[in-house]
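Data block below; observations after.
The values are calculated or read from the model by the stated rules, or taken from the named source; none is laboratory data. Here the structure is a predicted model, which means the values were calculated and not measured. Here the Cβ positions follow ideal geometry from the backbone for every residue, glycine too, while neighbour counts run over all protein chains shown. The area values use the complete protein model at the heavy-atom level, side chains included, leaving out ligands, DNA and RNA. Shrake-Rupley method; radii C 1.70, N 1.55, O 1.52, S 1.80 Å.
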Amino acid sequence: RKEVEQDPGPFNVPEGATVAFNCTYSNSASQSFFWYRQDCRKEPKLLMSVYSSGNEDGRFTAQLNRASQYISLLIRDSKLSDSATYLCVVMNSGYSTLTFGKGTMLLVSP
Amino acid sequence: EPEVTQTPSHQVTQMGQEVILRCVPISNHLYFYWYRQILGQKVEFLVSFYNNEISEKSEIFDDQFSVERPDGSNFTLKIRSTKLEDSAMYFCASSETGRGPSYEQYFGPGTRLTVT
């Protein structure tokens, strides 16, 4: 049973494209949700928290559907620097441990 | 901008040896964590630590592992007798709180542990 499942990728897109990542989680008691990005052999870096009402940060929009246990991330106007692996992360109840998905790799080409 | 730091960046050790991985969390953070990532796999939770004691640990965190906050700034992970399968990137993270506002976790750059 996979607790956090993401599109396997990789996604290859040209600069300027819009790309969407999907994620589902299995634990209905999960309380908080995040998107992190991870560059090759580097640490996960927090991209944004995901709120029930949905939230936007510049070119990035995150959505949460608790009923479907589904999280999404939309990147508009992709830049070369957006190339990375995007990690869907869920915080369960208890002592705030994070459960990570395997990640979806994004490759933005000129 | 405050950040989590970790030392060393790379540690090579022989099977059966003890290793200590060190972390300095962000200064006003109260919750500390260790995660690991085996090459090509997902990031996995090991242990969380608050108020000088373990809050939660995963099945991976067996008797070979221990954590300590020896002083006001360092947070360490000790592996008593390393195995080949302990080879991984070990990430330290910290958060200001455990839930509610400011619960977001920030990760250090990691220590790559290679057991030979």
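Worth pointing out:
- A convex hull fitted around the alpha carbon atoms of the protein assembly as shown yields 129 Å³ per residue.
- Size of the A/B contact, given as accessible area buried on both chains, probe 1.4 Å, in Å²: 1900 Å²
- Take each residue of peptide A:40-46, count the partner chain Cβ atoms within 10 Å of its Cβ, and average: the result is 6.
- Within the shell defined by Cβ-Cβ distances under 10 Å, the residues around B:Ile26 carry a net charge of -3, with Lys and Arg each +1 and Asp and Glu each -1.
- Packing, taken as the mean count of other beta carbons within 10 Å per residue, orders the peptides A:27-38, A:11-22 from highest to lowest as A:27-38, A:11-22.
- Inter-probe distance in nm under a simple model that places probes 7 Å from Cα toward Cβ, at A:Asn55 and B:Leu30: 2.1 nm
- Using the Cβ-Cβ distance between A:Leu107 and A:Leu74 with R0 = 22 Å, the FRET efficiency computed as 1/(1 + (r/R0)^6) comes to roughly 0.80.
- Cβ neighbours within 10 Å from other chains - mean over B:106-113: 3
- Length-normalised contact order for chain B - Cα pairs under 8 Å, 6+ apart - percent: 37 percent
- Normalised per residue, the accessible area of region A:1-107 is 47 Å², obtained with a 1.4 Å probe and no contribution from ligands, DNA or RNA.
- For the segment B:37-50, counting C-beta atoms of other chains within 10 Å of every residue's C-beta and taking the mean gives 4.
- About its Cα centre, the dipole of chain A is roughly 200 debye, where the only charges are +1 on Lys and Arg Cβ and -1 on Asp and Glu Cβ.
- Karplus 3J(HN,Hα) series, Hz, for region B:39-54 with 6.51 cos²θ - 1.76 cosθ + 1.60 (x for Gly, Pro): 3, x, 10, 7, 6, 10, 6, 10, 7, 10, 9, 8, 6, 6, 8, 5
- Simple spin-label estimate for B:Arg80 and B:Thr97 gives 3.7 nm between the two label positions (7 Å along the Cα-to-Cβ direction from each Cα).
- Taking only Cα atoms of chain A, radius of gyration then Dmax in Å: 13.4, 44
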